[in-house]
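Trainee: Got a structure for you, questions after.
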Amino acid sequence: MENNQDKCRERFQQFGSDHCLANGVSDHDVSDRFSDAGDSTDPDQDSVVSDSESGISGPSMEHVEWINEGLVKLAEEKIYDLIKRKFITSFGLLGQETTVSAVYKNSHSTHIGQARLHTFQIYLQAIAKKNGGNANVKYAWLGASKDQINSILGYGFSNCNKLESSQSLGNGIYLSPDDHPLESLEDTAVDEDGLRHLLLCRVILGKSELVHPGSRQNHPCSEAFDSGVDNLFAPKTYIIWSTNMNTHILPEYLISFRIPPRWKGALKAKQPLRMPTSPWMPFPALISVLSKCLPAPQIDMITKYHKDHRDHKISRHELIRRVRRIAGDDLLIHVIKSSRTQQSNGARNGQRTAAGSVDSPIFLE
């Protein structure tokens, strides 16, 4: 078992800062990184984490049978505690009533498991080369019933999300970011022991495109993209197209848990994302215009900060703060409002506006 635990820890560490464990990072930093949801605005978030951690349950007596021989039940050590704690705290106050029965590691020890792991690694390297060295690999939750999970672990993915719903995001597998497991609970089902189950997967996102509700898309719109998201700036859903579902998703962990029925109310109570009301424009366009007004060293600095943001080194909030400090609000507001006026005139003339750009815009808040 100790050997499996060591392999588990090594596997979880290999993707550095894009994931919850990184070499040379303390447990405290690991916890922060695993649950980082971007620019949090909840002043009570820290207290919620502390309270819900105190409600984590001890060992469970349930013995759920899994067909896959590669699953290894984790003992209560570092990896187990990290996954369990951050899973619980991601539910906020609801986490106090959520209990974890078990956490399993997919060891990929079978012949088929080894083949799937090798395939995933080949595609990871290919997407990284295609996108300048960044495959944009993330951990993400996948909800399913116990039977579906047995099928996925044994045979791979065979079914995608249905397209009938007006909220459909295309023909693919929907996963939620590692700090938003609640979004995947709708796809789970209670088993005979009263447990629900989620897979924690490694996912190759590459370059993501925006997918609108009602889409019937089943592959990237062009070779420039590799996956889809419901929101470019704060995604709650990752979409891996049906064409990539058995090459871009690697189930790594399985968590079995109980959660009170009122979680459905908590999910419905979430407010939909609002469109920004302040002026905005695509960042490359902003940099292009500012280059006519600011010295080259300042433009170089803004360009560097934009790259850091796209490489997930700084948050969008920090990017905006630094750009505002360099350029000043008066110049930024003038440039962006002028751009919006030109876009409106272009739209009236039948030209495509920049509002649909996939590049990160700047919001003046």
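Trainee: Please go through segment 93-131 and give me each residue that is of a type in the set (Phe, Trp, Tyr) and within 29 Å of ASP81 (Cα to Cα), ordered by number.
Mentor: Within segment 93-131, TYR104, PHE120 qualify.
Trainee: Six or more apart or on different chains, Cβ atoms under 6 Å: show the pairs whose first residue is in segment 301-312 and assigned to a helix (DSSP H, G or I) and whose second is open to solvent by 30 Å² or more (accessible area, probe 1.4 Å) and not hydrophobic (A, V, I, L, M, F, W, C).
Mentor: From segment 301-312, the pairs are TYR305/ARG322.
Trainee: Can we say LEU254 is in contact with a helix residue (DSSP H, G or I) (Cβ under 6 Å, 6 or more places away or on another chain), assigned to a strand (DSSP E or B) and modelled with pLDDT of 90 or more?
Mentor: no
Trainee: A further question follows. Could you please let me know if LYS73 is in contact with a strand residue (DSSP E or B) (Cβ under 7 Å, 6 or more places away or on another chain) and open to solvent by 50 Å² or more (accessible area, probe 1.4 Å)?
Mentor: Spelling it out, LYS73 is indeed in contact with a strand residue (DSSP E or B) (Cβ under 7 Å, 6 or more places away or on another chain) and open to solvent by 50 Å² or more (accessible area, probe 1.4 Å).
Trainee: Further question: So, in segment 190-249, of the ones that are at positive phi and either touching a residue at least 60 places away in the same chain (Cβ under 8 Å) or under 11 Å from the mean Cα position of the chain (by Cα) (or both), which residue ends up surrounded by the most Cβ atoms within 10 Å (Cβ to Cβ)?
Mentor: For segment 190-249, the residue satisfying everything is GLY206.
Trainee: I need the full set of residues from segment 109-118 which are open to solvent by 50 Å² or more (accessible area, probe 1.4 Å) and not small (Gly, Ala, Ser), in order please.
Mentor: The answer is HIS111, ILE112, GLN114, ARG116, HIS118.
Trainee: So for segment 90-97 (the condition being of a type in the set (S, T, N, Q), more than 26 Å from MET245 (Cα to Cα) and either free of Cβ contacts under 8 Å to residues at least 24 places away in the same chain or surrounded by fewer than 19 Cβ atoms within 10 Å (Cβ to Cβ) (or both)), does at least one residue qualify?
Mentor: Checked segment 90-97: at least one residue is of a type in the set (S, T, N, Q), more than 26 Å from MET245 (Cα to Cα) and either free of Cβ contacts under 8 Å to residues at least 24 places away in the same chain or surrounded by fewer than 19 Cβ atoms within 10 Å (Cβ to Cβ) (or both).
Trainee: So LYS313 passes all but one of these: (1) open to solvent by 100 Å² or more (accessible area, probe 1.4 Å); (2) more than 30 Å from SER184 (Cα to Cα); (3) modelled with pLDDT of 65 or more. Which condition number does it fail?
Mentor: Unmet for LYS313, out of (1) open to solvent by 100 Å² or more (accessible area, probe 1.4 Å); (2) more than 30 Å from SER184 (Cα to Cα); (3) modelled with pLDDT of 65 or more: (2).
Trainee: Among (1) modelled with pLDDT of 55 or more; (2) open to solvent by 60 Å² or more (accessible area, probe 1.4 Å); (3) not in a helix (DSSP H, G or I), which single condition is GLU365 missing?
Mentor: Of (1) modelled with pLDDT of 55 or more; (2) open to solvent by 60 Å² or more (accessible area, probe 1.4 Å); (3) not in a helix (DSSP H, G or I), only one is false for GLU365: (1).
Trainee: Right, something else. If ASN106 passes every condition in (1) touching a residue at least 24 places away in the same chain (Cβ under 8 Å); (2) open to solvent by 40 Å² or more (accessible area, probe 1.4 Å); (3) not β-branched (Val, Ile, Thr) but one, which one does it miss?
Mentor: Among (1) touching a residue at least 24 places away in the same chain (Cβ under 8 Å); (2) open to solvent by 40 Å² or more (accessible area, probe 1.4 Å); (3) not β-branched (Val, Ile, Thr), the lone unmet condition for ASN106 is (2).
The values are calculated or read from the model by the stated rules, or taken from the named source; none is laboratory data. This structure is a prediction, so every number in the text was calculated from the model and none was measured. Note: ideal-geometry Cβ built from the backbone for every residue, glycine included; neighbour counts use all protein chains shown. Just the protein is used for accessible areas: all its heavy atoms, side chains included, with ligands, DNA and RNA removed. Shrake-Rupley method; radii C 1.70, N 1.55, O 1.52, S 1.80 Å.
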